[in-house]
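Novice: My questions will all concern the structure given below.
The values are calculated or read from the model by the stated rules, or taken from the named source; none is laboratory data. Here the structure is a predicted model, which means the values were calculated and not measured. Counting neighbours? That spans all protein chains shown, and the Cβs are built from the backbone with ideal geometry, glycine included.
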């Protein structure tokens, strides 16, 4: 189409040229003018696009896109107004949170934020369809299908494996769990008041507000910290089924769900009071809701997907991969579908708005405190932390060789290398022998089916975690950073089983139902073997948390048996201090004092004003004679591990 001649088009074109030239001139001034140049160029390109539009060179897709957008919101611009108002309200909440003085309660802001998100989601629902859908759901519930019963049954089994004996499995409360517990206790005590900030080790504080009610209801117990994680891990099971069924059908979805129920890594992190357990649920929720929103052209589903993306900012850093996964899935789904973007762009735009609405208060905090946003990255990333350069010098090799070693460990963490951290420290890789074989064949199957957007995304999902959660960070394969990939691993195991049993069935003339039964039984066997490893092999080892955690757990439990009030004088420095979070979390009423210097004479021993206990680690046990000289009527107890190793000694003084 030839452009129409008009004075307006001419002026727009000239303005675009001038702004573009100004932007280029600004860029030539160097780094300080980079942002100004980018802004000028952005304005130039916008004016150029407007000149094309005014001049009559209008492609057909904007009109179609506008029509799809109007259909998405039900031809009611009031919904758009409601969403814009929700975004504005979220900005106001974030600004108010920043202005609140330290220690000033923010419960009102948390309530406003939750209300804004809820009302925005409600505004996108087509309420005229709700009664019919509720009636249909009720009819299905009254006459459940075998599929529904199977998923519900698997969810119940998963819940049992994650909730059973939460107080004692794992037996120890790690320092990280307890540190988050102390933050939750701070919420209840009023010392931690802002849910839209960062706290311990730069973790966003909203998770601590989520843990606080359970600590309030169940007290300062181990189980209280772990309940929310068990809930999230259990909910992930039906979510995985729904997502896998959309991508690969019921057969693969059922096998993936069965495996997830008993998968030892999923069980372990589902039983820890840590925020990374929420990553799989948020990733599946975002992908499913946005995919459903595109399929049904639903504003409600689109916004719900965005809410899941936005919530990820408030949990573990692994959830920051969720926007990447969603973007990758949209790009992969677009291949070969010329009109896909006309439906996807409005949904994606609505999802972005929903994510911004939810995450805005925290984003504003990060903008005011940029160091907190990247603190964990700078601490753990091999480049910013200086580890890569130091390791290359230490080993006398190039940085590329060191990085390739990192990549090898990160990629083979699924099938070969074990977790080197105290967060799990299992004696087997992330996948056992049988599931590792199925996983590798699943990778091959996914690569063969690369035209299936779900299969292709699984490769991206695993690859992104291996790179960003493994190779680029110190000490791979660290299991907490792989938690977000648990759903992808379960689906790949199921894909491998499905492909192998189908091919073997064809070779031996096995009917399809029989091959499906074999695949299901193998999936059950893998799940049972994985679950048995966790409960019957790993748990009795008592290695979770590392040696210091075992010591701290023993001290904390011993203090709980003593009459209150009691003071604890701990001779553990420089290896351990009373502030090891497990001890004060489980004993809030105990006054703890560290004996930093070795006790060489009785005059150095503190004078007790009441009942007290002296705790000594093995390396400082020689100081016991000095304490007994000062308090000769005390009672000595030695505390050993299950293997007979001396953990610590305690000396009780009546005061």
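Novice: Does any residue in region 631-655 that is more than 21 Å from residue 607 (Cα to Cα) come within less than 7 Å, Cβ to Cβ, of a residue that is at pLDDT 95 or above and assigned to a loop (DSSP other than H, G, I, E, B) six or more places away or on a different chain, and which pairs are these?
Specialist: Once the first residue is more than 21 Å from residue 607 (Cα to Cα) and sits in region 631-655, its partners that are at pLDDT 95 or above and assigned to a loop (DSSP other than H, G, I, E, B) give 648/617.
Novice: Related question: Which one of these is closer than 22 Å to residue 271 by Cα, assigned by TED's automatic domain parsing to the domain that holds residue 416 and part of a helix (DSSP H, G or I): 514, 485, 447?
Specialist: Exactly one of 514, 485, 447 is closer than 22 Å to residue 271 by Cα, assigned by TED's automatic domain parsing to the domain that holds residue 416 and part of a helix (DSSP H, G or I), namely 485.
Novice: Looking at (1) outside any helix (DSSP H, G or I); (2) touching a helix residue (DSSP H, G or I) at 6+ places or on another chain (Cβ under 8 Å), which is the only condition residue 191 fails?
Specialist: Here residue 191 meets the rest and fails (2).
Novice: While we're here: Out of region 588-605, which residues are touching a helix residue (DSSP H, G or I) at 6+ places or on another chain (Cβ under 9 Å) and either more than 19 Å from residue 647 (Cα to Cα) or part of a strand (DSSP E or B) (or both)?
Specialist: Once the filter is applied, which keeps residues that are touching a helix residue (DSSP H, G or I) at 6+ places or on another chain (Cβ under 9 Å) and either more than 19 Å from residue 647 (Cα to Cα) or part of a strand (DSSP E or B) (or both), region 588-605 yields 588, 590, 592, 597, 599, 600, 601, 602, 603, 604, 605.
Novice: Yes or no: residue 35 at pLDDT below 70 and over 30 Å from residue 128 (Cβ atoms)?
Specialist: On the way: at pLDDT below 70: no; over 30 Å from residue 128 (Cβ atoms): yes.
So residue 35 does not fit the description; no.
Novice: Here is a further query. Only one of 616, 646 is at pLDDT 95 or above, assigned by TED's automatic domain parsing to the domain that holds residue 558 and surrounded by 18 or more Cβ atoms within 10 Å (Cβ to Cβ); which?
Specialist: Working: 646 fails: surrounded by 18 or more Cβ atoms within 10 Å (Cβ to Cβ).
Going through 616, 646 in turn, the sole match is 616.
Each row is one residue, and each column tells you yes or no for (1) in the same structural domain as residue 180 (by TED's automatic domain parsing); (2) more than 30 Å from residue 170 (Cβ to Cβ); (3) crowded, with 19+ Cβ neighbours inside 10 Å.
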{"position": "289", "(1), (2), (3)": "yes, yes, yes"}
{"position": "295", "(1), (2), (3)": "yes, yes, no"}
{"position": "311", "(1), (2), (3)": "yes, no, yes"}
{"position": "328", "(1), (2), (3)": "yes, yes, yes"}
{"position": "342", "(1), (2), (3)": "yes, yes, no"}
{"position": "349", "(1), (2), (3)": "yes, yes, no"}
{"position": "368", "(1), (2), (3)": "yes, yes, no"}
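Novice: Considering only residues that are in contact with a helix residue (DSSP H, G or I) (Cβ under 7 Å, 6 or more places away or on another chain) and free of Cβ contacts under 8 Å to residues at least 24 places away in the same chain, which ones fall in region 226-246?
Specialist: Of everything in region 226-246, just one residue is in contact with a helix residue (DSSP H, G or I) (Cβ under 7 Å, 6 or more places away or on another chain) and free of Cβ contacts under 8 Å to residues at least 24 places away in the same chain, namely 245.
Novice: In addition: For region 378-400, give me each residue that is surrounded by 13 or more Cβ atoms within 10 Å (Cβ to Cβ) and farther than 20 Å from residue 317 by Cβ.
Specialist: Across region 378-400, the qualifying residues are 389, 391, 392, 397, 399.
Novice: Filter region 597-613 for residues that are touching a residue at least 24 places away in the same chain (Cβ under 8 Å) and surrounded by 14 or more Cβ atoms within 10 Å (Cβ to Cβ); which is farthest from residue 565 (Cα to Cα)?
Specialist: My answer is 599.
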